[in-house]
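Heads up: the structure comes next, in structure tokens.
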Amino acid sequence: MDRVEAQEERRRRMRERVIAGGFVRTSDLAEEFGVSLMTAHRDLDALQAQGWLRKVRGGATGLPSAQFHGSVAERMATMAATKQQLARAAATLLVPGQTVLLDDSTTCLLLAHQAAEHAPLTVITNSLPAITTLAKEPGIALITLGGAYFPAYDAFMGLHTADAVRAFRADVLFLSTTAVTNGRCYHTSPETVQVKRAMMESAARRVLVADHTKFTKDGLYALAPLTDFELLIVDDGLPAEQLRSIRTAGTEVMVVPQRG
């Protein structure tokens, strides 16, 4: 194994160690992997830049927070049954012949699995799992958005992806978010916000698909106010008072039972 391969393998194992442990001290990682403290810091910097974890004082954490959304596997497992219900509800809005934008969220990935039932559709997405799913469907005209690949998100993100979005115009956008606080959507990475804002600008209709727990979380980077979405699809775990407030502000709400 050469130096680069050894470095990649060490970082992979560090990533797994942090995600499994929730929090690990930098000094413990340096000792465990037989590297200097400075090398351990560089490894964690690289993993943080890829979106795998977040550096904090004394170490690194893989636990979700306002600055870190958690791994793809963790997000897929969170509120899984409810997300499936939300995706089914969103799929009822698909109309054959539409051009549809899908973001990289796990909820919209579930929607992608149902898209073929409403073919023909043109689907534009930056999500690699959605691309893999839709590429197999003969009734789907698939447009992929390139750019920098972020392994932790399993998606293409950043400036070049945002520029690619602006080359298209979609009938409808389905998008999810990390958090909704005081009527505004937030995310944990600026690259994500950059792409999702471009998607919102490129769609005639914008649909936010979010389970009720998103309304109890915080995010670091503001995406857009809820009023920028024509429709919110949410489960019935959201309190009635919040539902009334959202509707009064002008956004239509589709409430989906958590158990169908």
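The values are calculated or read from the model by the stated rules, or taken from the named source; none is laboratory data. These numbers come from a predicted model, not from an experiment. Cβ coordinates were reconstructed from backbone atoms using ideal geometry, including for glycine residues, and neighbour counts include every protein chain displayed. Areas reflect the complete protein model, heavy atoms only, side chains present, ligands, DNA and RNA absent. Shrake-Rupley method; radii C 1.70, N 1.55, O 1.52, S 1.80 Å.
Here are a few things to note about the model shown:
- Figure legend. Inter-residue proximity from the range 86-105: first residues in a strand (DSSP E or B) and modelled with pLDDT under 95, second residues of a type in the set (Phe, Trp, Tyr) and open to solvent by 40 Å² or more (accessible area, probe 1.4 Å), beta-carbon distance below 9 Å, spacing 6+ or different chains. No pairs are indicated.
- Answer from ASP235, ASP218 - the residue that is within 21 Å of THR82 (Cβ to Cβ), of a type in the set (D, E, K, R) and modelled with pLDDT of 95 or more: ASP235
- Test for SER189: is it in contact (Cβ under 8 Å) with a residue 24 or more places away in the chain, polar (S, T, N, Q) and either under 20 Å from ALA115 (Cα atoms) or not assigned by the TED database to the domain that holds ALA90 (or both): no
- Residues within the range 113-129 that are of a type in the set (A, V, I, L, M) and more than 21 Å from VAL193 (Cα to Cα), tallied: 4
- Per the listing ALA112, ALA77, ALA73, ALA81, the residue uniquely small (Gly, Ala, Ser) and at pLDDT 95 or above is ALA112.
- Residue check for THR132: without any contact (Cβ under 8 Å) to a residue 24 or more places away in the chain, polar (S, T, N, Q), out of contact with any Pro (no Cβ under 8 Å at 6 or more places or on another chain) and farther than 19 Å from GLN194 by Cβ: yes
- Test: residue in the range 221-228 that is modelled with pLDDT under 95, surrounded by 21 or more Cβ atoms within 10 Å (Cβ to Cβ), aliphatic (A, V, I, L, M) and assigned by the TED database to the domain that holds ALA167: no
- Taking the range 1-40 as the range and being open to solvent by 70 Å² or more (accessible area, probe 1.4 Å) and in contact with a helix residue (DSSP H, G or I) (Cβ under 6 Å, 6 or more places away or on another chain) as the test, only LEU37 passes.
- For the range 197-207, the criterion of being in a loop (DSSP other than H, G, I, E, B) and aliphatic (A, V, I, L, M) is met by none of the residues.
- Matching residues in the range 154-163 - criterion: being more than 13 Å from ILE131 (Cβ to Cβ) and buried (at least 18 other Cβ atoms within 10 Å of the Cβ): MET157, GLY158, ALA162
- TYR186 meets each of the listed conditions (1) out of contact with any helix residue (DSSP H, G or I) (no Cβ under 7 Å at 6 or more places or on another chain); (2) in a strand (DSSP E or B); (3) over 19 Å from LYS83 (Cβ atoms); (4) of a type outside the set (Gly, Ala, Ser) apart from (3).
- In the range 193-215, the residues that are closer than 16 Å to ALA179 by Cα and open to solvent by 20 Å² or more (accessible area, probe 1.4 Å) form Cβ pairs under 6 Å with partners that are part of a strand (DSSP E or B) and of a type in the set (Gly, Ala, Ser), at six or more places apart or across chains, as follows: LYS214/ALA179.
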